[in-house]
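Heads up, the thing below is written out as structure tokens.
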Amino acid sequence: MRKTLATVVVALAGALVASGCSSPVSTSTAAGSTGTDSLVIYSNSVSDGRGDWLKAEAAKAGFTVQFVDLGGGDIQNRLLAEKSNPIADVTFGLNSVYFGKLKAAGVLQSYTPAWSSEVDIALGDADGKQFWPIVREPVMLVHKKSLAPAQQPTDWPDLWTKPQFDKRYEVPSALGGATAQTVLAGILSRYRDDSGDLGVSQAGWDAVKAYFAHGVPAVTGTDLYAQMAAGKVDAGQMWLAGKATREQQYKIQTEAAHPKIGVPMTVQQVGLVAGTKKADAAKKFIDWFGNADVQAAWSKKFFTAPTNKAAVSKADADAVRITDSFTAQAIDWTFVTQHLDQWVEKIELEYLSK
């Protein structure tokens, strides 16, 4: 019987918390704060300057915040490990798969934000109101714009089935991030077979094996766009806001494939952590962060498509337009939620380490 890697990580993290190890929380706080009154926020969406911007804007609104910045899967595991002794007050940025597992584990508590009527709750937790949608984000296959049309991948299977892409695309070297796991969920969902291993046909597992075998493992600390700019790879995984930021940073132009089957369309969420001792302040932060003005400003600064309907007209028009240009892949996210941890374990043990 499988023991998932997520279970091992949770147990280890729980042991660290119990033994009194310090949390890797950012130590910088707003001027004049002792840190003891700070809100601790766990997120996979504070890189690329977003955390610095959010900290500064939050300070203007009267909040002092600190961040734990990890990949989506790692944030989930940390919150699960700390359930009985929570450190975080708020978590945001994770998609509905992770939030669904956190809800099932009792990590979150219900709260209805002041802006609740401005979003479609069907994009969040429609029955329990424990997490609420903030940003829509396509997860994409991107490639150098300079590639000739015949050399451009049109869908993920092109990478491992067409010889021109052999060892010319990047694959993740670790699977703790939400983007890597979402890409794999999009691939494996195409091969659903309820009688197959972990709900996937053998053809699906062969496809994932080939995906890793024909790709170039990511280099820790080196961005995909740095690798493309250096000529080492031509393609890889990216989310929309990351594409915009990295094109400016690395002075490289890329395009995203628009597969006929669609792309995984994720929805970032925000939620209140159960057991927080700063619930009143945390609720006020959620009210502030999700409101139309802040989400519109976030959109213009970081090229996102807000779910807040009142923010859309004030948001970055190109970010909204490009997000809408993608067809959402038909994915049974309940099925993904049930199997994702086991998929990650199998891939890490059988394919990623090879």
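The values are calculated or read from the model by the stated rules, or taken from the named source; none is laboratory data. What you are looking at is a predicted structure, and each value in this text was computed from that prediction instead of being measured. We place every Cβ from the backbone using ideal geometry, glycine too, and count neighbours over all the protein chains shown. For accessibility, only protein heavy atoms count, side chains too; no ligands or nucleic acids. Shrake-Rupley method; radii C 1.70, N 1.55, O 1.52, S 1.80 Å.
I'd like the distance between the alpha-carbon centres of the range 197-236 and the range 280-354, rounded to an integer number of Å. The range 197-236 and the range 280-354 have Cα centres separated by 22 Å. In a simple Cβ point-charge model (Lys, Arg +1; Asp, Glu -1; nothing else charged), the chain has a dipole of about 340 debye relative to its Cα centre. For ASP155, the amide hydrogen comes within under 5 Å of no other amide hydrogen, counting only partners 5 or more places away or on other chains and with H modelled in the peptide plane. Please compute the modelled spin-label separation between PHE335 and LYS309, points set 7 Å along Cα→Cβ, answer in nm with one decimal. Modelled inter-label distance: 3.1 nm.
Values of log10 I(q)/I(0) for the range 212-344 across q = 0.09, 0.14, 0.22 Å⁻¹ run -0.39, -0.92, -1.29, by the Debye formula with one identical scatterer at each alpha carbon and no solvent. Ordered from largest to smallest accessible area (heavy atoms of protein chains, 1.4 Å probe), the residues HIS258, HIS143, HIS339 come out as HIS258, HIS339, HIS143.
Could you list, in their original order, any pairs among LYS162/LYS209; LYS209/LYS260; LYS144/LYS167; LYS129/LYS284; LYS83/LYS277; LYS60/LYS83 whose Cα atoms are separated by more than 21 Å?
As for pairs spanning more than 21 Å Cα to Cα, those are LYS209/LYS260; LYS60/LYS83.
Its Kirkwood hydrodynamic radius, worked out from the mean inverse distance over all distinct Cα pairs, puts the chain at 21.0 Å. Summing charges over all other residues whose Cβ lies under 10 Å from the Cβ of HIS214, with Lys and Arg as +1 and Asp and Glu as -1, gives +3.
Backbone geometry of the range 99-116 corresponds, through the Karplus equation with coefficients 6.51, -1.76 and 1.60 at θ = phi - 60°, to 3J(HN,Hα) couplings of 5, x, 6, 5, 4, 4, 8, x, 7, 10, 10, 5, 7, 9, x, 4, 9, 4 Hz, x marking Gly and Pro. Of the residues SER325, SER313, ranked by 1.4 Å probe accessible area with the largest first, the sequence reads SER313, SER325.
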